[in-house]
Amino acid sequence: MCNLYSMTSNPQAIRKAAKVIEDHTGNLQPLPEIYPNTLAPIVRNTQHGRELMMARWGMPTPPGYLKGHKVDRGVTNIRHPASTWWKRWEDVSHRCLVPLTAFSEPMRLPDGKSQPVWFVRADQEPLAFFAGIWCQWTSIRKLADGETTDNLFGFLTTEANREVGAIHPKAMPVILTQPEELDIWMNTPIEDALQLQRPLPDGVLQVITPHKTAE
């Protein structure tokens, strides 16, 4: 599962690609390594149009998985949107676009350790978007902070394509690269939007060396 990605594109490119009307991210800096339970930019629908804002990566964990745990670190990847737990956040008011420039999957090494392998668009276009959902939720995300109310997000996964499957056969994020795909995810009934829950075609992604994600 994807638990590390990069967003180093400039805010102007995000606003243009996602048709953002309002930007509430302030002086958004490059984020070469985004981990679960940290803040990252998302694009969401509002009454006035699309808004670029910051949210914490990790949707609320279903209560059954929290028994015995004091902290909810969140669910980053959503494979089964038909689940009752996720259906409450599938209307257009809770859908979001999560901008990225690269994402990582762990490769298991012979010694049992893992090493991140980074993927980018093979067409040299820097920017893409995860198909995500968001919500506002009160929980304990960090024990030291106690109970807080946060804007949270996660994104859909699907079967892996050839490039990702060579490293992580089970799944890959749902990635949107075309303008019409962004509009479908953000605007259409969920039955139509979920047609986008599919792997990218083989050859659309390529592997890069880790240091390039910070450029």
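Since every read-out is calculated from the coordinates, none of them should be taken as a lab result. Just so you know, these numbers come straight off a predicted model, no measurement behind them. We place every Cβ from the backbone using ideal geometry, glycine too, and count neighbours over all the protein chains shown.
Scaling the Cα radius of gyration of region 1-45 by the globular reference 2.2 N^0.38 Å produces a ratio of 1.19. Entry for region 5-214 at q = 0.16 Å⁻¹: log10 I(q)/I(0) = -1.13, Debye formula applied to identical alpha-carbon scatterers, no solvent contribution.
Mean sequence separation of contacting Cα pairs (under 8 Å, at least six apart), scaled by the length of the chain, corresponds to a relative contact order of 22 percent. Residues of the chain were split at every exposed loop site, defined as trypsin sites (Lys or Arg not before Pro) in a DSSP loop with at most 13 other C-beta atoms within 10 angstrom, and the longest piece left, sites excluded, is 1-66. Counting beta carbons within 10 Å around each of VAL207, VAL43 and listing the fewest first gives the order VAL207, VAL43. Among the listed pairs LYS142/LYS170; LYS19/LYS70; LYS19/LYS67, a Cα-Cα separation exceeding 31 Å is found for LYS19/LYS70; LYS19/LYS67.
The separation of region 150-210 from region 60-87, counted between C-alpha centres, amounts to 20 Å.
Mean residue ellipticity at 222 nm, helices only, the chain: -3000 deg cm²/dmol; runs of at least 4 DSSP H residues each add -39,500 (n - 2.57), and the sum is divided by the number of residues.
From least to most packed, judged by other beta carbons within 10 angstrom and beginning with the fewest, LEU176, LEU39, LEU97, LEU127 follow the order LEU39, LEU127, LEU176, LEU97.
Across region 69-85, rounded Karplus estimates of 3J(HN,Hα) from the backbone phi angles (6.51 cos²θ - 1.76 cosθ + 1.60, θ = phi - 60°) give 10, 8, 10, 9, 7, x, 9, 8, 10, 10, 8, 10, x, 6, 4, 4, 4 Hz, Gly and Pro being marked x. Taking a ≥ b ≥ c as the square roots of the Cα gyration tensor eigenvalues, with a/c under 1.5 meaning rounded and otherwise prolate when a/b beats b/c, else oblate, which class fits region 104-191? Oblate, since a/c reaches 1.5 and b/c is not below a/b. GNM on the chain, C-alpha springs below 10 Å: top fluctuator among GLY146, GLY74, GLY58? Greatest mean-square fluctuation among the candidates belongs to GLY146. Here SER139, SER114, SER104 are placed in order of increasing Cβ neighbour count within 10 Å, fewest first, which gives SER114, SER139, SER104.
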